[in-house]
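Trainee: What follows is a single structure, and I will ask about it in a moment.
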Amino acid sequence: MAVMYKLRQEKNPKSKFKGQWYARAIAIDTVDTATIANIMQQNCTLKKADILAVIAELIDVMKEQLQNSKIVRLDGLGAFRIGIKTKPALSAEDFNASKNVVGTHVLFRPQTKINKDKSRKKALLDGCRVQELPLNMIEKKKKKAGGSTPAPTPGH
């Protein structure tokens, strides 16, 4: 399988790329935890219930460690940490967390592998291929979403 893409034309009149075409990655489905556990169960000796328990515990431990200001590094995947969004204070003395911290978010840095030629490759993208989304997949999505299907756009 490959990462699917659809071609889009830039239509913003203010863009210097107006009229030009670019590819946009398309997700064709969503995989939930139960599905991942089923796939993993087929690939190893663990049962689905054991895998779900491990995933649930991983989430709890990651949350706890992240909220204790630690980086959580999962080998082969990458590193997670918590970032904050703040509004400025006029001085360090004026900064107050309850007043100036306006949000938190999770930052993810994928694990990177350095190749022999010194180029870098994200571990999750190793071996990744891309291909244009077939027209019939677009038609199936439209039928699911709305019922009647408009005429297909040539080449997309």
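Trainee: Might you work out the accessible area of residue 106 for me, using a 1.4 Å probe with all protein chains in place, and round it to the nearest 10 Å²?
Mentor: Surface open to solvent at residue 106 totals about 90 Å².
Trainee: Sticking with this structure for a sec: Mean-square fluctuation check for the chain, GNM, Cα pairs under 10 Å: which of 32, 126, 60 is largest?
Mentor: Greatest mean-square fluctuation among the candidates belongs to 32.
Trainee: Suppose all protein chains stay in the model; what accessible area per residue would a 1.4 Å probe give for the chain, in Å²?
Mentor: I get 81 Å² per residue for the chain.
Trainee: Number of Lys-Lys pairs in region 41-130 under 26 Å by Cα, sequence gap 8 or more or different chains?
Mentor: 16
Trainee: Heavy atoms only, 1.4 Å probe, whole protein assembly: order 36, 84, 26 by accessible area, highest first.
Mentor: Order by accessible area, largest first: 84, 36, 26.
Trainee: Expressed as a whole percentage, what fraction of the accessible surface of region 1-125 belongs to carbon and sulfur atoms when a 1.4 Å probe is rolled over the protein heavy atoms?
Mentor: 54 percent
Trainee: Once the whole set of protein chains is in place, how much accessible area is left on residue 17, using a 1.4 Å probe, in Å² to the nearest 10?
Mentor: My reading of the accessible area for residue 17 is about 110 Å².
Trainee: Would you pull out the residues with amide H under 5 Å of residue 132's amide H, same chain only if 5 or more places away, H placed 1.01 Å from N?
Mentor: For residue 132, whose amide H was placed from the backbone, the distant partners under 5 Å are 5.
Trainee: So for the chain, averaging the separation of alpha carbon pairs under 8 Å that are six or more residues apart and normalising by length, what relative contact order in percent results?
Mentor: 20 percent
Trainee: Pull out a ≥ b ≥ c, the square roots of the eigenvalues of the alpha-carbon gyration tensor of the chain, then state rounded if a/c is under 1.5, prolate if not and a/b is larger than b/c, and oblate in the remaining case.
Mentor: oblate
Trainee: Going from most exposed to least, what order do 1, 40 have by accessible area with a 1.4 Å probe?
Mentor: From most exposed to least exposed: 1, 40.
Trainee: Next up: Which of 27, 92, 56 ends up with the largest GNM mean-square fluctuation for the chain, with Cα atoms connected below 10 Å?
Mentor: Comparing 27, 92, 56 in the GNM, the peak value goes to 92.
Trainee: Quick one: grab the alpha carbon gyration tensor of region 13-79, order the square roots of its eigenvalues as a ≥ b ≥ c, and give me rounded if a/c is under 1.5, else prolate or oblate depending on whether a/b is larger than b/c.
Mentor: Here region 13-79 falls in the oblate category.
Trainee: What size of dipole, in debye to the nearest 20, comes out for region 17-124 about its Cα centre when the only charges are +1 on Lys and Arg C-beta atoms and -1 on Asp and Glu C-beta atoms?
Mentor: 660 debye
Trainee: Let me ask you something else. Using the basic label-point model (7 angstrom from Cα toward the beta carbon), what is the residue 42 to residue 131 distance in nanometres?
Mentor: Label at residue 42, label at residue 131, 1.9 nm between them.
Trainee: Express in Å², to the nearest 10, the accessible area of residue 91 obtained by rolling a 1.4 Å probe over the protein heavy atoms while all chains stay in place.
Mentor: Counting only protein heavy atoms, the figure is 40 Å².
The values are calculated or read from the model by the stated rules, or taken from the named source; none is laboratory data. Note that this is a predicted model, so its numbers are computed, not measured. Glycine also receives a Cβ, built like all others from the backbone with ideal geometry; neighbour counts cover every protein chain displayed. Keep in mind that these areas ignore ligands, DNA and RNA; they rest on the heavy atoms of the full protein, side chains included. Shrake-Rupley method; radii C 1.70, N 1.55, O 1.52, S 1.80 Å.
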